[in-house]
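FYI, it's all coordinate maths here, none of it is from the lab. Nothing here was measured: the structure is a model prediction, and the numbers come from that model. Cβ: placed from backbone, ideal geometry, glycine included. Neighbour counts: every protein chain shown.
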């Protein structure tokens, strides 16, 4: 998968103003906004109430999810498969926690570093 495809995913879910759009992200991931909130470690209100979804903490968490999906998309082949990996694949390096578990626990930077290492030829 080319870099253009990866960039396209982020273009689909991030507005011109630089905000992650929960409606777009949930549509592309083929989940409800409630499921998106749960997978991001956010409340349903955080992804549905305008004032809350623009909050820096909400945007940071949604951006983490989008960036992780974007990172693994070339390896998974499709957005639904990437999201399935995010939600269910145990990662041995993190005690068999999933990417979702790590994001919900505020450890997305560790996960992104791990994925960057794999991307340049490191071991899983």
Notebook entry, point to check: For the chain, what is the calculated [θ] at 222 nm in deg cm²/dmol (nearest 500), taking -39500 (n - 2.57) for each run of four or more DSSP H residues and dividing by its residue count?
Noted result: -19500 deg cm²/dmol
Next item on the list: Measure nothing fancy, just the Cα-based angle from helix 108-119's long axis to the longest principal axis of the chain, in degrees from 0 to 90, nearest 10.
Entry: 40 degrees
Notebook entry, point to check: What is the Cα coordinate range of the chain on the first, second and third principal axes, sorted by size from largest, in whole angstrom?
Noted result: 41, 32, 22
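Determine, from the Cβ-Cβ distance of residue 120 and residue 24 and an R0 of 30 Å, the FRET efficiency 1/(1 + (r/R0)^6), rounded to the nearest 0.05. Kindly include the intermediate steps, with their values, before the conclusion.
On the way: r = 30 Å, r/R0 = 0.99.
With R0 = 30 Å, the Cβ-Cβ based efficiency is 0.50.
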Item checked: Centre separation in Å (Cα based) which lies between the stretch 29-64 and the stretch 86-124 -> 20 Å
Item checked: Mean separation of Cα contacts under 8 Å (6+ apart) over length of the stretch 8-124, as relative contact order % -> 19 percent
Notebook entry, point to check: For the Cα atoms of the chain, what angle does the longest principal axis make with the long axis of helix 56-76, in degrees from 0 to 90, nearest 10?
Noted result: 40 degrees
Check: What angle do you read, to the nearest 10 degrees and between 0 and 90, between the alpha-carbon axis of helix 79-88 and the longest principal axis of the chain?
Finding: 80 degrees
